[in-house]
Amino acid sequence: MRNSQFRAFLASCIISTTLFSSSSIFADDSRAVLVEAAHPWQQAINTRLFCSVLSPPLHQVSSHTEAELTQVKPVGSIIKAGELVAAQDGFYLSQEIEIIRTDIAITQSQLIYAEEELSRLEKLRSADMVSPSHLNSLKLNADTYRLTKQRLEHQLTTAEYRLERLQHYARTDSQVVSIEANPGERLNSGQRIMQLLPLKENQIECSLPEEKLNNENLLNRSSFTFRDQNIPLRNISHTVNPETQNLNLYFETESEQFPSLLVGQRFEIMMRTPLSTKKTQERVTKVPSDAVILEGDQYKIWTLDSDQRAVSTEVQIIDTLKGHFVVRSTIKPGDLVVVLGYEGLQPNETVSPTKRENT
């Protein structure tokens, strides 16, 4: 009887010792938790701007001289840069250029003769064989021929310039919007022939309520997007519309970037203005919603320090997203937050983290 009681007592001691050893082993193991990195988030105000496409200044095609209009592109034609849009007859101007060249040749001959005669008689001056008045007359003739030649050369340059501009070319891709002269009509200098609408120089004008412009740096800090593409701000009006109390903003645009924009079309541009937090030690980050714990009336998140120890951090929820919260706290982008396994977690408790994306 005593032997059986002793064996039972010994067995119970062994079991107790084994359980104590097992519990010690498990106590040394750190808690396994699932973590995910906090994401950067820029808090901002989104403002919708109502915009329209304005046409650039029309390109006026005008006559540079009196000449007959021989051809012109019809209204509605789409013209490529450098393409001929109108032409004038050059017969009379070509003849005028030839006459000027002949006059220049005649004047050149007269100038040469006058200079030679002046040079010959100046040699006789020392012998008093020629009067000073006669020499002065010869100098005047030479100067007159020289200035006449100079004037004729200027006339020739002007006439040749006009001759080149009897052919009218589009300086950029354009559309003919109006015709104000007809083929066969003899045009005067300066008379308008047609108007072209540039196709690649449209500008975007947007209205911004004056009360939105609460400080000088607002527009400098803001970014603008249209159809998920950034669009650069070109200029800001310095006047306010007295009826709408709106400022006008002007944006750079190219037809290659926004090919569907048409003159007169109305659309919206999104203006995004970042907001700075009130305290420099606070940051705005995006964290998984399952990392946020409500304790009483306070939200908190368990994060890990560099030694894999748990840290309880209070957060302020400022926005709700699908599967995430936007919070203001001391949490930095890239910090690991516990999303699973934080039940019963204690401050400074060492844990074994596993990133969610690795599971």
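Summary of values
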read-out	value
The range 1-60: number of residues that are within 30 Å of Ala310 (Cβ to Cβ), modelled with pLDDT under 50 and among the β-branched types (Val, Ile, Thr)	1
Exclusive hit being open to solvent by 40 Å² or more (accessible area, probe 1.4 Å) and in a loop (DSSP other than H, G, I, E, B), set Glu205, Glu160, Glu201	Glu201
The range 285-304: number of residues that are open to solvent by 40 Å² or more (accessible area, probe 1.4 Å) and not in a loop (DSSP other than H, G, I, E, B)	7
Where Gln167 falls short, out of the listed (1) within 27 Å of the chain's Cα centre (by Cα); (2) in contact (Cβ under 8 Å) with a residue 12 or more places away in the chain	(1)
Residues that are open to solvent by 70 Å² or more (accessible area, probe 1.4 Å) and at pLDDT below 80, drawn from the range 216-262	Glu216, Asn217, Asn220, Arg221, Asp228, Glu252, Glu254, Glu256, Pro259, Leu262
Residue in the range 139-154 that is at pLDDT below 95 and open to solvent by less than 50 Å² (accessible area, probe 1.4 Å) present	yes
Boolean, Ile317 is farther than 17 Å from Val35 by Cβ and in contact with a strand residue (DSSP E or B) (Cβ under 6 Å, 6 or more places away or on another chain)	yes
Members of the range 163-181 that are surrounded by 12 or more Cβ atoms within 10 Å (Cβ to Cβ) and assigned to a helix (DSSP H, G or I)	Leu163
Matching residues, the range 335-359, being assigned to a strand (DSSP E or B) and farther than 13 Å from Arg309 by Cβ	Val337, Val339, Leu340, Thr354, Lys355
Set Asp307, Asp319: member being modelled with pLDDT of 90 or more and either part of a strand (DSSP E or B) or over 37 Å from the mean Cα position of the chain (by Cα) (or both)	Asp307
Selection within the range 79-123 - part of a loop (DSSP other than H, G, I, E, B) and either β-branched (Val, Ile, Thr) or on the phi > 0 side of the Ramachandran plot (or both)	Gly82
Boolean, Ser189 is polar (S, T, N, Q), open to solvent by less than 70 Å² (accessible area, probe 1.4 Å) and at pLDDT below 95	no
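The values are calculated or read from the model by the stated rules, or taken from the named source; none is laboratory data. For clarity, every value in this text was computed on a predicted model and none was experimentally measured. Ideal geometry is used to build each Cβ from the backbone, glycine not excepted, and the neighbour counts take in all protein chains shown. Just so you know, the surface numbers come from the protein's heavy atoms only, side chains and all, with ligands and any DNA or RNA stripped out. Shrake-Rupley method; radii C 1.70, N 1.55, O 1.52, S 1.80 Å.
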